[in-house]
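The values are calculated or read from the model by the stated rules, or taken from the named source; none is laboratory data. Given the structure is predicted, the values throughout are model-derived calculations rather than measurements. Quick reminder, even Gly has a Cβ in these numbers, built from the backbone with ideal geometry, and neighbours come from all protein chains shown. Side chains included, ligands, DNA and RNA excluded: accessible areas come from the protein's heavy atoms. Shrake-Rupley method; radii C 1.70, N 1.55, O 1.52, S 1.80 Å.
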Amino acid sequence: MEGVDQDLDQLCINTIRFLAADAVQKADSGHPGTPMGLAPLGYLLWTRFLKYNPKNPDWPDRDRFVLSAGHASMLLYSLLYLTGYDLSLEEIKRFRQWGSKTPGHPEQGHTPGVETTTGPLGQGFANGVGMAIAERFLAARFNRPGHFIVDHHTYVIASDGDMMEGIASEAASLAGNLRLGKLICFYDDNHITIEGSTDLAFCENVKRRFEAYCWQVIAVHDDGNDLAAMSEAIQAAQAETERPSLIIVRTHIGYGSPHKQDTAAAHGEPLGEEEVKLTKQNLGWPTEPSFYVPDPALAHYRKAIGRGKEAEAGWRRRFEAYALEYPALAEEWRRGMDRTLPEGWDAAIEEYRPEGPLATRRAFGEVLNRTAPRFSNLIGGSADLAPSTDTTQKGMGDFLADHPAGRNLHFGVREHGMGGILNGMALHRGVIPYGGTFLIFSDYMKGSIRLAALMNLPVIYIFTHDSIGLGEDGPTHQPIEQLAGLRAIPNLTVIRPADATETAVAWRVAIARREGPAALVLTRQKIPVIDRNRTAPAEGLERGGYILVETPGRRPELILIATGSEVHLALEAGRALEAEGAAVRVVSMPSWKLFERQPLTYRNGVLPPEITARISIEAASPFGWERYVGSEGIMIGVDRFGASAPSERVMRELGFTVENVAARARALLKRPEEAKARRRRAS
């Protein structure tokens, strides 16, 4: 590479290597080997190719950098510190410590410059595909001749482990089909995993695999220290606009370590104080002090600040010119990037008057298409289930390689990949992403859902076929424990609406959320539309749980609490019990998370502590309902797998009938000790 100071290059590369080795050694925990092997690539990319501004990490047209190999976090932290982000050397020294900005794996929103939270392998790769999809969609929507306000690449570094995880295969296959030319992935081919050589479990030809996925594949054969070869590969990848590119780089884990290079011992544990010393001596680095950063290296890295300011300033000038010529589009762009909604977008929800009986999945499809025309950035789809999940935006076109302005994504039969891609789209910003599948298959994407919640991303999940009520498909497709598992994820708002009107309100709640994901859980089978002239309005859903109806003029002695398709069952059972003289309150509880966010006074108003005769009714695992029914209540749920039969028969056989609910309620009300206690409380 002409005009390049190779001594300075090597100084800068070794600065990364030994910041990583020293940080892991001081923490006595971490992964030193991969950052040491990838240091040349990281240096090259961040000083000669990547478009970013350390002083404004979030400016819209920056390149996105994803370290899918999140265990190599010290590579990223070293680069962030060296190039001038708000990350100090002191934070590098506090690697993996409580309250530091340098956690064990990169965390988006915690450390400036970290684009996504990685660590679970393959997730970052899928996020990168999602970011590239968002870039392609927004470019098609907003760019105009002579005005390119969306024009950036997504770069991903993936490890052998990323290549082994199925989510990466799912995402890579879709990326190739969509011809995402601005997606460039580096495969760190170091031949080592935690257990030893990759030969133990991995013999495939990754190059041919990705060629079969319709990617451009470039191999840097010699080693990961050849800056010229890697530079040529990156330039070739940037020049390819019709295919994503995979650059295979043969690196050496723990590079320079006399006894641990190219071994599993360099992967997931400190090198050891003596080995760190020997490695420094081997590479001509001062053994003291630790965390040594040569002034010439730091000065060279910090040139990124000036480059970044200039790049952002140039983009802002272009955007100003764009806004003068296309003011409406410029405003639409700003609104999307700020995650604000167009005024009056939910008017169609207010006007929605469904006729039943109607499956809540069908109600969702109706509401989706009533509101879709109000948005230009609502984009999503399903894992090859759109006719069943009702997730198609009619008339909005398909997002395809030759039609990137379409708003209906076809993820294929790839739930796990879909989850990671949705996260990447949300991380990119500018779009409102959603994805649908059957509730049972949420298990395939649980890792991605958890990361969406951890990153506070406004992703929307549409989970249909929500219970044993789906019928004939049988126990392989009938969810039991899925609701409980999803509810256990912190920051995930799960909503299981009772009818079509609650579904409309649930969509409004989900799409209005700017922080944290939401999951709408919907029925396959038709259910009644609740007569809101006789009950409380469906807007009560916004508070998670609300009094739907109760015996007028009397203090309730029994509370029936239900969700989803079982709410109408609770209403019917309540009417039967009222006819026998009982005072009954029916509570619709579509969202535990929303209910728990309400003030204690409200929650106690819905579920008064002194009313202990309570029954929960939900066609799913009863796990967790103890918090609402208490020690004296009853849980009507499903603690076994379902069966293949028509929906009505399955529900009847498993106890979801008016007769069973009423019988359980009578037995509860007649318990002598509880009846006495109720009379004492009433007096």
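Among the residues making up the stretch 193-210, those that are over 28 Å from the mean Cα position of the chain (by Cα) and either farther than 24 Å from residue 265 by Cβ or part of a helix (DSSP H, G or I) (or both) are 198, 199, 200, 204, 205, 207, 208.
Scanning the stretch 1-51 for residues that are open to solvent by 30 Å² or more (accessible area, probe 1.4 Å), among the hydrophobic types (A, V, I, L, M, F, W, C) and in a helix (DSSP H, G or I) yields 8, 11. I'd like to check something: does the stretch 404-416 contain any residue that is touching a residue at least 24 places away in the same chain (Cβ under 8 Å), more than 18 Å from residue 372 (Cβ to Cβ) and acidic (Asp, Glu)? Checking the stretch 404-416: at least one residue is touching a residue at least 24 places away in the same chain (Cβ under 8 Å), more than 18 Å from residue 372 (Cβ to Cβ) and acidic (Asp, Glu). Residues of the stretch 344-370 that are small (Gly, Ala, Ser) and not in a loop (DSSP other than H, G, I, E, B): 347, 348, 363, 365.
Residues that are open to solvent by 10 Å² or more (accessible area, probe 1.4 Å), among the aromatic types (Phe, Trp, Tyr) and assigned to a helix (DSSP H, G or I) within the stretch 52-83 comprise just one, 81. Screening residue 101 against (1) of a type outside the set (Val, Ile, Thr); (2) assigned to a helix (DSSP H, G or I); (3) open to solvent by 10 Å² or more (accessible area, probe 1.4 Å) leaves a single unmet condition, (2). The number of residues in the stretch 468-495 that are over 11 Å from residue 642 (Cα atoms) and either in a loop (DSSP other than H, G, I, E, B) or over 15 Å from the mean Cα position of the chain (by Cα) (or both) comes to 12. Every condition in (1) assigned to a loop (DSSP other than H, G, I, E, B); (2) surrounded by 20 or more Cβ atoms within 10 Å (Cβ to Cβ) is met by residue 151 except one, and the failing one is (2).
For the stretch 220-240, taking the residues that are open to solvent by 30 Å² or more (accessible area, probe 1.4 Å) and outside any helix (DSSP H, G or I), the one that is farthest from residue 196 (Cα to Cα) is identified as 240.
Please go through the stretch 88-98 and give me each residue that is more than 27 Å from residue 447 (Cβ to Cβ) and in a loop (DSSP other than H, G, I, E, B), ordered by number. Passing the criteria: 88, 94. Out of the residues in the stretch 124-148 that are small (Gly, Ala, Ser) and outside any loop (DSSP other than H, G, I, E, B), state the one that is farthest from residue 190 (Cα to Cα). Taking the candidates together, the pick is 140. Given (1) under 26 Å from residue 302 (Cβ atoms); (2) small (Gly, Ala, Ser); (3) open to solvent by less than 10 Å² (accessible area, probe 1.4 Å); (4) within 20 Å of the chain's Cα centre (by Cα), identify the lone condition not met by residue 122. Residue 122 satisfies all of (1) under 26 Å from residue 302 (Cβ atoms); (2) small (Gly, Ala, Ser); (3) open to solvent by less than 10 Å² (accessible area, probe 1.4 Å); (4) within 20 Å of the chain's Cα centre (by Cα) except (1).
Restricting attention to the stretch 241-267, the residues that are surrounded by fewer than 23 Cβ atoms within 10 Å (Cβ to Cβ) and either over 28 Å from residue 282 (Cβ atoms) or among the acidic types (Asp, Glu) (or both) total 4. Do the conditions hold for residue 48, that is, is it more than 22 Å from residue 12 (Cα to Cα), at pLDDT 95 or above and out of contact with any strand residue (DSSP E or B) (no Cβ under 7 Å at 6 or more places or on another chain)? So residue 48 does not fit the description; no. Across the stretch 105-123, a minimum of one residue is classified as at pLDDT 95 or above, closer than 15 Å to residue 157 by Cβ and not in a loop (DSSP other than H, G, I, E, B). The set of residues in the stretch 268-299 being assigned to a helix (DSSP H, G or I), open to solvent by 40 Å² or more (accessible area, probe 1.4 Å) and not hydrophobic (A, V, I, L, M, F, W, C) consists of 273, 274, 277, 281, 282, 295, 296. In this structure, is residue 306 open to solvent by 40 Å² or more (accessible area, probe 1.4 Å) and either at pLDDT below 95 or not acidic (Asp, Glu) (or both)? Criteria met by residue 306. Criterion applied to 536, 643, 579 was being free of Cβ contacts under 8 Å to residues at least 12 places away in the same chain and open to solvent by 10 Å² or more (accessible area, probe 1.4 Å), and the one residue passing it is 579.
For the stretch 371-389, the condition holds for at least one residue, the condition being that it is in contact (Cβ under 8 Å) with a residue 60 or more places away in the chain, in a helix (DSSP H, G or I) and open to solvent by 10 Å² or more (accessible area, probe 1.4 Å).
Quick check on residue 1: is it modelled with pLDDT under 95 and not β-branched (Val, Ile, Thr)? When the stated conditions are applied, residue 1 passes them. With respect to residue 127, is the statement that it is in contact with a helix residue (DSSP H, G or I) (Cβ under 7 Å, 6 or more places away or on another chain), of a type in the set (S, T, N, Q) and open to solvent by 10 Å² or more (accessible area, probe 1.4 Å) true? No.
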